[in-house]
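Please read the structure below before turning to the comments.
No value in this document is a laboratory result; all are computed from the given coordinates. A quick note: this is a predicted structure, and the numbers were derived from the prediction, not measured. Note: ideal-geometry Cβ built from the backbone for every residue, glycine included; neighbour counts use all protein chains shown.
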Number of protein chains: 2
Amino acid sequence: MSNKIRVGIVGYGNLGKGVELSLAQNSDFELEAIFTRRNPDKLVATSKMLHISEIENYKGKIDVMILCGGSATDLPQQTPEIVKMFNTVDSFDTHAKIPEYFSMLDDVAKSSGTIGLISVGWDPGLFSLNRLLGEVVLPRGKDYTFWGKGVSQGHSDAIRRVKGVKNGVQYTVPIESAIEMVRTGKNKELSIKEKHERICYVVPEDGANLEDIKNEIENMPNYFAHYNTTVNFITEEEMNKNHKGMPHGGFVIRTGITGESTNQRMEFSLKLDSNPEFTSSVLVAYARAVYRLYKEGQRGARTVLDIPFSYLSPKSAEELRKELL
Amino acid sequence: MSNKIRVGIVGYGNLGKGVELSLAQNSDFELEAIFTRRNPDKLVATSKMLHISEIENYKGKIDVMILCGGSATDLPQQTPEIVKMFNTVDSFDTHAKIPEYFSMLDDVAKSSGTIGLISVGWDPGLFSLNRLLGEVVLPRGKDYTFWGKGVSQGHSDAIRRVKGVKNGVQYTVPIESAIEMVRTGKNKELSIKEKHERICYVVPEDGANLEDIKNEIENMPNYFAHYNTTVNFITEEEMNKNHKGMPHGGFVIRTGITGESTNQRMEFSLKLDSNPEFTSSVLVAYARAVYRLYKEGQRGARTVLDIPFSYLSPKSAEELRKELL
């Protein structure tokens with residue numbers, strides 16, 4: 001019998017595919033199966049693909065399920081059912097609903113004798129860890145989070161609903177001068193417009209009125225009206241060539257004062273050529289932690305804030321102290 | 001009776017003074033006393049100053065001792081004695097000796113029923129955490145640590161031993177073009193000379209031969225001979241005006257590949273106007289964690305790699321999930 005951590009993937013979109021790729025880089029895992037709501041026979045894959053209805057047959061055969069559904073509807077439905085049978089890790093990212101999601105899962109996991117680790121990724125996730133570190137080390141200070149340059153799915157969808165738009169993508173771009181200002185430690189309050197701008201690439205339908213499209217996007221409430229928004233019209237070919245990637249990233253910057261007036265600054269940043277592949281890699285590292293916590297006898301819901309970094313590594317505590325401290 | 005965490009400081013140099021300042025920013029702590037080897041009556045302080053020989057009278061009255069001695073001789077002598085009576089946190093930073101120091105303290109702390117948290121600060125410390133995070137999230141990758149711009153005490157001492165030198169200070173400066181190269185993800189091996197340069201400010205004695213001083217510094221084995229070194233001669237006034245601070249900082253950069261060939265980058269950096277005040281602030285946050293671990297019944301030696309970030313904050317787990325995730 002193998003000593004590997006036996007994992008399953010639930011959901012085979014960008015995130016699920018990213019987890020499959022990440023597992024191939026981590027030799028202490030064994031991917032048992034990928035569960036999907038689609039017809040598994042119609043999916044091309046090298047891993048074992050099963051319909052989600054077969055998941056209960058794997059009870060006791062999978063140590064951690066890595067949940068790769070969306071936060072809007074998939075995870076709130078799936079996670080409480082799956083955590084009854086398996087330890088889980090997910091990337092639930094609806095910030096405002098985290099407390100209730102945690103509390104609900106904590107009850108189910110405790111009564112089922114499992115662990116449900118939630119909101120793993122980079123924001124929430126690694127950025128949350130850095131926001132916490134910033135405020136404990138520099139309590140007299142202020143932190144700023146900038147996102148991007150990266151594709152916002154919600155804003156891209158909003159563009160594509162505009163009349164005359166054939167295809168569109170929206171990048172959220174942090175404003176460099178705002179980042180530089182923050183780095184000086186001036187601690188000014190910044191409006192949303194001062195922190196980020198929105199850059200859109202639009203493929204218009206034949207004969208569409210470009211001026212109308214531009215106006216409708218720039219003045220769209222909630223999405224664009226409060227930002228500096230730039231609309232660029234491009235061809236379908238340009239769209240396919242230059243805008244099919246899913247880059248993202250961002251900055252968590254904490255500036256603060258120690259002593260009387262000493263300036264100190266901490267900064268964490270990510271530059272990601274693929275947002276889903278990176279998020280997947282974080283999920284896999286934390287799946288390792290879930291396995292260990294479970295082995296120790298821990299039960300219930302957890303977040304990244306509860307987990308020591310040593311649990312993320314396949315190395316022993318001795319190796320980590322020797323090589324990394 | 002107060003619910004505050006009762007702490008003591010051992011050692012009242014730059015680090016001890018920084019801890020005293022940091023405690024003033026954290027209202028859940030109460031500083032009971034500062035212990036020193038010097039004559040406490042001759043030290044100017046607002047806190048209670050006691051001779052180190054009185055420390056055992058405080059057994060049971062102090063929850064965590066924050067040890068602010070040096071790593072070369074103070075900590076290896078003091079920590080095993082103090083951890084017999086108190087929980088401790090220290091900034092032991094002799095990287096090569098961490099395994100044996102840990103092992104020795106672990107034995108003493110376990111048999112004494114205390115916790116000894118070692119090697120807290122930024123390197124080792126926050127940089128170690130980021131090196132670990134980098135290798136677990138991007139296992140197919142490479143990390144680079146750059147230090148500075150910052151004063152190196154050892155190199156400054158070496159300058160001051162040169163004949164004809166009245167005073168001197170040395171800054172270790174990361175080479176910007178090397179940082180930029182690393183950020184591109186090219187993963188080239190860099191020699192020590194390619195990563196950092198050394199910039200010296202020297203106040204010569206009256207009538208000293210400046211060319212001799214410059215040659216001796218630039219060719220000093222181990223310290224300078226393998227680096228690009230610049231020697232600047234300045235006056236005592238300039239030294240006092242511009243070089244009395246203790247700035248430091250640095251970068252931990254991890255670049256890696258996910259999937260087939262997707263570039264991903266993680267970066268953590270610090271820009272510190274006072275190295276000891278920042279290190280002290282990290283020590284205080286981790287003293288809070290030591291208190292909580294002890295209350296939970298944990299015993300023995302620990303490092304930052306073993307401690308969940310939630311233990312660093314005075315906020316409840318609920319507050320942290322709501323505000324920071």
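Key figures for this structure:
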item: Calculated SAXS-style log₁₀ I(q)/I(0) at q = 0.10, 0.17, 0.18, 0.21 Å⁻¹ - the range B:134-273, Debye, Cα scatterers; result: -0.42, -0.90, -0.97, -1.18
item: Spread of Cα-to-Cα distances over 10 Å intervals beginning at zero, given as percent, for the range B:152-194; result: 24, 33, 23, 17, 3
item: Whole-Hz couplings from phi, Karplus 6.51/-1.76/1.60, listed for the range A:298-314; x for Gly and Pro; result: 6, 9, x, 7, 9, 10, 4, 5, 8, 10, x, 4, 4, 6, 7, 9, x
item: Calculated P(r) tail over 39 Å for chain A, as whole % of Cα pairs; result: 22
item: Computed over the range B:224-308, Kirkwood Rh from alpha-carbon pairs, angstrom; result: 17.9
item: Simple Cβ-charge dipole of the range A:134-273, Lys/Arg +1 and Asp/Glu -1, about Cα centre, in debye nearest 20; result: 480
item: Alpha carbon convex hull of the protein assembly as shown, projected area averaged over orientations, nm²; result: 33.8
item: Other protein chain Cβ atoms within 10 Å, averaged over every residue that makes up A:312-319; result: 3
item: Copies compared at A:Lys42 - label distances in nm, ascending, label defined 7 Å from Cα in the Cβ direction; result: 8.6
item: Base-10 log of normalised Debye intensity for the range A:35-112 (one unit scatterer per alpha-carbon) at q = 0.18, 0.19 Å⁻¹; result: -0.79, -0.86
item: Dipole moment magnitude, nearest 20 debye, the protein assembly as shown about Cα centre, only Lys, Arg, Asp, Glu C-beta charged; result: 880
item: Charged-residue dipole, Cβ positions (Lys, Arg, Asp, Glu), the range A:58-132 about Cα centre, Debye nearest 20; result: 180
item: Förster radius 51 Å - calculated FRET efficiency between B:Asn39 and B:Glu180 (Cβ-Cβ, nearest 0.05); result: 0.50
item: Cβ-vector label at 7 Å, B:Ser27, separations to other copies in nm; result: 5.4
item: Label-point separation in nm, B:Glu238 to B:Glu194, each point 7 Å along Cα→Cβ; result: 3.3
item: Other protein chain Cβ atoms within 10 Å, averaged over every residue that makes up B:282-292; result: 2
item: Rg to Rh, two decimals, where the range A:1-145 supplies the alpha carbon set and Rh follows Kirkwood; result: 1.02
item: Per residue, the convex hull volume that the Cα atoms of the range B:24-67 enclose (Å³); result: 85
item: Under 12 Å, Cβ to Cβ, from A:Lys271 - net charge with Lys/Arg +1 and Asp/Glu -1; result: +2
item: Amide proton proximity set for A:Phe29, modelled H, under 5 Å, gap of 5+; result: A:Ile5
item: Mean Cβ count within 10 Å, highest first, over the residues of peptides B:94-100, B:5-11; result: B:5-11, B:94-100
item: Peptide-level mean, for A:255-262, of C-beta atoms on other protein chains within 10 Å; result: 6
item: Pairwise centroid distance, computed over Cα atoms, of the range A:1-62 with the range B:77-146, Å; result: 37
item: Amide H contacts of A:Thr230 (H built 1.01 Å from N, under 5 Å, at least 5 apart or other chain); result: A:Arg198, A:Ile199, A:Cys200
item: Order of B:Ser310, A:Ser191, B:Ser152 under a 10 Å beta carbon neighbour criterion, fewest first; result: A:Ser191, B:Ser152, B:Ser310
item: Pseudo-label separations to other copies for B:Lys61 - Cα-to-Cβ vector, 7 Å, nm; result: 6.5
item: Leading residue at positive end of dipole, the range A:136-255 (Cβ point charges), from A:Val203, A:Ile234, A:Thr255; result: A:Thr255
item: Inter-label distance, nm, simple model (7 Å from Cα along the C-beta direction), B:Asn215/A:Glu211; result: 7.9
item: Surrounding net charge for B:Lys186, when Lys and Arg each add one and Asp and Glu each subtract one, Cβ distance under 11 Å; result: +1
